[in-house]
Amino acid sequence: MDFQQLAQLTWLVPALPLVGALVIAALRNKLKGNTAGYLATAMTSIAFVVSLLTFIAHKPGEQAHATVHLFNWIDLPAMQVAMDLRIDALSLVMMLIVTGIGSLIHLYSVGYMHDDKRVNTFFALLNLFSFAMLMLVMGGNFLVTFIGWEGVGLCSYLLIGFWYTVPAYNYAARKAFIMNRIGDLGFLIALAMILYQFGSLDYGAVLDKSSTISTGGPWITTVTLLLFVGACGKSAQLPLFTWLPDAMAGPTPVSALIHAATMVTAGIFLLVRSSALFVLAPLTMDVVMVVGLVTALVTATIGVFQNDIKKVLAYSTVSQLGLMFVALGVGAFSAAMFHVTTHAFFKALLFLGAGSVIHALHGEQDIRKMGGLKGVTKVTYFTFLMGTLAIAGIPLFSGFFSKDAILMAAYQEHPILYAATLLVSLLTCFYMFRLLFLTFFGTYRGKAHPHESPAVMTVPLIVLAVLSVVGGVLNLPHLVGGHETMKHYLETAADGIGAEHLHLSASTEWMLMGITVGLIALVIWFAYGRFVKKTTLDAEADQLPFFQRLLANKWYVDELYAALFEKPYGWLSKQLDAIMERRIVDGAVNLVGSSTMRFGKLVRRAQSGNVSFYLFAMVVGVIGFLILTLWNA
């Protein structure tokens, strides 16, 4: 079958996980053992196969995209919205990430969640999460994307708070839900403005008409800023980033899914999908770049003093997303998407590796109570090492090429921006090797009896490790003999990529690459001396010197938000409860009730049980009715 024929079958890609979710949810009390896990994995895996076949058949030079019309959703004289899917280079890349990485996470979860009492519900939600994310990336118009956008928000709430009997986990779920709603409001207003301006929400129609918009005008600036607000919520950028580290409350596979294959990549995807609008708004691009850079710097410094193995990775995700937004802000859309792809490989690997460590240590997450695991959990160690080398940007690993593309674009924009992004990369390298050395090197400092995870968990680690190593070949730069294949493929779907221009000389690129590699080597050497030769463990946050305490306490951003928003909101809620609820609303309801009761008591006196009185009252009533009738006649 050719591309157009296969594209018409891609409705199966979101449908399969949806069917899996519904079936498992309906039979959750009857399915035994790992049945739900393998069923959910099979549904996502078949969706991956359909995506892969469509990707192979796709010939962007001949047919850049296909539209799959499902049905007319809204059909009014002033507004028509179809339930369409758009299959092009951008959606195909995201479909492969969501279904491919998602399948491995599903398979890993079979082993990780084996003993959980609500394992069937977990897999139903995991399938539903995949469905929502697929609708987001496959939507043929902004409104279908928004359905998926809201769906991943709901699923993240349900999965982060999966162990809902723990109050702290419920708080984390609510925090994620509310912060995402703030961003969603911006997205929703942007949709209304786009519909008003173009009379359509279809991607093809909107992007085609974008050439009629003047560059830098107030309308395009406002719309793109609102879209970026939505992206900040989903992709955890300042000031809406604090929900993502707390989202670690959910089971570790959920963390991997959120951080690698779904949700946090949604913001990057939206900006690349709408890149034709963003290139018309220079002010917005500057805002995107500044917000991304500040987020990357702030969260990279926080990651240096975190001791929870999952929290280190969580702040790493926010920081890497910040780098991607820097790339978007300087117009390097393909570099951002390239880093989304490699980041999906190594971040899924690192989170699942962290889960394997936690599994080996019976729930222990403090890296100060680990150490010496490389001789016991050999597969976990080796694969985690591959992930660390990739995210640190070691040459020839996937993260090296994708991060280098961002650094080059930053240098072309301004040398100071390059220095700042380089600092983020060095901090990332430091805290990731700190994590690696304290977890796997030295002597064991805990009390558990470590053991390697079962094959159902280690096989996904091995596959992801391979992808983390070789993933860079997807977009090898000309400098090392490549042809930027991924960039040229994606530019058939995103106009912003076609407008990219990176014109640094080869000598400049080699020089920048040499600086990066040399400094990374120094950072690893420093970390090795500090955490392997002489193991250095940080004390509790309140016992550290001032600056370290500041970083360990995450710049007190949570406390600041609590003082600025949570406490005033709580105080206002109490006042409204005391005045509006108890005095006015309750008073009005009680007044109606008491009045009815008093009237009932009054009427009840007429019910004496005396038949003569009832006959007398009836006769009086009939006479009165006759008099009234005669009077009206």
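Before moving on, here are some points about what is shown:
- Residue among Arg530, Arg549 that is of a type in the set (Lys, Arg), open to solvent by less than 90 Å² (accessible area, probe 1.4 Å), within 26 Å of Thr443 (Cβ to Cβ) and part of a helix (DSSP H, G or I): Arg530
- Selection of the stretch 107-124 for residues being farther than 30 Å from Ala493 by Cβ and assigned to a helix (DSSP H, G or I) yields Tyr108, Ser109, Val110, Gly111, Tyr112, Val119, Asn120, Thr121, Phe122, Phe123, Ala124.
- Residues that are surrounded by fewer than 17 Cβ atoms within 10 Å (Cβ to Cβ), assigned to a helix (DSSP H, G or I) and of a type outside the set (Gly, Ala, Ser) within the stretch 166-176 comprise Pro167, Asn170, Tyr171, Arg174, listed in sequence order.
- Hits in the stretch 552-597 (condition: open to solvent by less than 60 Å² (accessible area, probe 1.4 Å), under 20 Å from Thr295 (Cα atoms) and assigned to a helix (DSSP H, G or I)): Ala552, Lys554, Val557, Asp558, Tyr561, Ala562
- Any hit, the stretch 388-403, residues being surrounded by fewer than 24 Cβ atoms within 10 Å (Cβ to Cβ), free of Cβ contacts under 8 Å to residues at least 60 places away in the same chain, within 26 Å of Lys487 (Cα to Cα) and out of contact with any Phe, Trp or Tyr (no Cβ under 6 Å at 6 or more places or on another chain): no
- Extreme residue, most open to solvent (accessible area, probe 1.4 Å), among residues of the stretch 194-215 that are touching a strand residue (DSSP E or B) at 6+ places or on another chain (Cβ under 9 Å) and part of a loop (DSSP other than H, G, I, E, B): Gly199
- The residue that is most open to solvent (accessible area, probe 1.4 Å), among those in the stretch 23-34 that are free of Cβ contacts under 8 Å to residues at least 24 places away in the same chain and in a helix (DSSP H, G or I), is Ala26.
- Condition check for Asp542: open to solvent by less than 90 Å² (accessible area, probe 1.4 Å), more than 30 Å from Pro395 (Cβ to Cβ) and of a type outside the set (Gly, Ala, Ser): no
- Asn127 vs. criteria open to solvent by 10 Å² or more (accessible area, probe 1.4 Å), among the polar types (S, T, N, Q) and over 30 Å from Asp495 (Cα atoms): no
- Pairs with Cβ under 8 Å, 6+ apart, first in the stretch 39-52 and among the aromatic types (Phe, Trp, Tyr), second surrounded by fewer than 20 Cβ atoms within 10 Å (Cβ to Cβ) and in a helix (DSSP H, G or I): Phe48/Leu96
- Here Trp163 fulfils each of the conditions (1) more than 17 Å from Cys232 (Cα to Cα); (2) surrounded by 21 or more Cβ atoms within 10 Å (Cβ to Cβ) apart from (2).
Residues checked against (1) open to solvent by 10 Å² or more (accessible area, probe 1.4 Å); (2) of a type in the set (A, V, I, L, M); (3) out of contact with any strand residue (DSSP E or B) (no Cβ under 9 Å at 6 or more places or on another chain); (4) under 15 Å from Leu349 (Cβ atoms):
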{"site": "Leu407", "(1), (2), (3), (4)": "no, yes, yes, no"}
{"site": "Ala420", "(1), (2), (3), (4)": "yes, yes, yes, no"}
{"site": "Cys429", "(1), (2), (3), (4)": "no, no, yes, no"}
{"site": "Arg434", "(1), (2), (3), (4)": "no, no, yes, no"}
{"site": "Val456", "(1), (2), (3), (4)": "yes, yes, yes, no"}
{"site": "Leu461", "(1), (2), (3), (4)": "no, yes, yes, yes"}
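- Some residue of the stretch 476-493 being among the polar types (S, T, N, Q), part of a helix (DSSP H, G or I) and out of contact with any Pro (no Cβ under 6 Å at 6 or more places or on another chain): yes
- Qualifying positions in the stretch 280-299 - open to solvent by less than 10 Å² (accessible area, probe 1.4 Å) and more than 24 Å from Phe177 (Cα to Cα): Ala281, Thr284
- Some residue of the stretch 58-67 being at pLDDT 90 or above and of a type in the set (S, T, N, Q): yes
- Within the stretch 472-518, the set of residues being among the hydrophobic types (A, V, I, L, M, F, W, C), open to solvent by 60 Å² or more (accessible area, probe 1.4 Å) and modelled with pLDDT of 90 or more comprises Val473, Leu474, Trp510, Met511, Ile515.
- Residue satisfying all of: in the stretch 216-242; closer than 18 Å to Ala266 by Cβ and either aromatic (Phe, Trp, Tyr) or in contact with a His (Cβ under 6 Å, 6 or more places away or on another chain) (or both); surrounded by the fewest Cβ atoms within 10 Å (Cβ to Cβ) among these: Phe241
- Qualifying residue in the stretch 367-380 (condition: crowded, with 21+ Cβ neighbours inside 10 Å, of a type in the set (S, T, N, Q), part of a loop (DSSP other than H, G, I, E, B) and in contact with a helix residue (DSSP H, G or I) (Cβ under 9 Å, 6 or more places away or on another chain)): yes
- Selection from the stretch 177-193 of residues that are farther than 13 Å from Leu226 by Cβ and surrounded by fewer than 18 Cβ atoms within 10 Å (Cβ to Cβ): Phe177, Ile178, Arg181
- Number of positions in the stretch 338-366 that are among the aromatic types (Phe, Trp, Tyr) and open to solvent by 10 Å² or more (accessible area, probe 1.4 Å): 1
- Breaking point among (1) in a helix (DSSP H, G or I); (2) polar (S, T, N, Q); (3) farther than 18 Å from Pro460 by Cβ, for Asn127: (3)
- In the set (1) more than 30 Å from Asp115 (Cα to Cα); (2) free of Cβ contacts under 8 Å to residues at least 60 places away in the same chain; (3) assigned to a loop (DSSP other than H, G, I, E, B), the condition left unmet by Gln5 is number (3).
- Residue match in the stretch 533-545 (condition: at pLDDT 90 or above, in a helix (DSSP H, G or I) and not charged (D, E, K, R)): no
- Once the stretch 58-106 is narrowed to residues that are acidic (Asp, Glu) and part of a strand (DSSP E or B), the residue that is least open to solvent (accessible area, probe 1.4 Å) is Asp88.
- Pick from the stretch 436-454, criterion touching a residue at least 60 places away in the same chain (Cβ under 8 Å) and closer than 30 Å to Gly514 by Cα, ranking: most open to solvent (accessible area, probe 1.4 Å): Phe441
- Residue ID - most open to solvent (accessible area, probe 1.4 Å), chosen from residues in the stretch 243-279 that are at pLDDT 90 or above and part of a loop (DSSP other than H, G, I, E, B): Val279
The values are calculated or read from the model by the stated rules, or taken from the named source; none is laboratory data. Only a predicted model underlies this, so the values are computations on that prediction, with no experimental measurement involved. Glycine gets a Cβ as well: all are built from the backbone with ideal geometry, and neighbour counts include every protein chain shown. These accessible areas exclude ligands, DNA and RNA; they are computed on the full protein's heavy atoms, side chains included. Shrake-Rupley method; radii C 1.70, N 1.55, O 1.52, S 1.80 Å.
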